[in-house]
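Take a look at the structure set out below.
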Amino acid sequence: MVLFLTSRLNTLVKDKDGNKTTIPLENVNGVLDNIKKYLSATNRIVYVANDPNNVIENEERIKNTIDSFSLSNLNFNEKILLDARNKKDAKNIILGANIVILSGGKILCQ
């Protein structure tokens, strides 16, 4: 397993009115280059929600992240949002993942 630590993936920009636009992953500190270099397959991406009960925000965040990866030519067959709805299956979900994204906030929450 390869571990990437970054404070943010930079998947969107906001305009002066606060409207969000998805952008390709930025290559800050070479993170995009390294993901492409070390990612062995694109079968499953798992997005672990920071607030497992905030379904609406979780759905918005995973969509933005998946779209950003897609704009970066990283397309996954299976996209899973890990939150309160499927936490009982967390072990199997994570074990089958090619990449796991821990959503912002405090790691202890996740």
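Nothing in this text is a laboratory measurement; each read-out follows from the coordinates by a stated rule. A quick note: this is a predicted structure, and the numbers were derived from the prediction, not measured. Here the Cβ is made from the backbone with ideal geometry for all residues, glycine too, and neighbour counts use every protein chain on show.
Quick notes
- Take 8-17, 77-86, 52-61 and order them by the average number of nearby Cβ atoms within 10 Å per residue, most first; the result is 77-86, 52-61, 8-17.
- Residues of the range 27-62 with an amide N closer than 18 Å to a point placed 7 Å from the Cα of ILE94 along the Cα-to-Cβ direction: 44-53.
- Dipole magnitude of the chain, debye to nearest 20 (Cβ charges: Lys/Arg +1, Asp/Glu -1, about Cα centre): 260 debye
- Of all DSSP beta bridges in the chain, antiparallel share, percent nearest 5: 25 percent
- Across every pair of non-identical alpha carbons in the chain, the mean reciprocal distance, once inverted, gives a Kirkwood radius of 14.5 Å.
- Dipole of the chain [Lys/Arg +1, Asp/Glu -1 at C-beta], most positive-end residue of ILE35, LEU12, ILE93: ILE93
- Length added when fully stretched, VAL13-VAL55, from 0.36 nm per residue minus Cα-Cα: 12.9 nm
- For the pair ASN34 and ASN75, label points projected 7 Å from Cα toward Cβ lie 2.7 nm apart.
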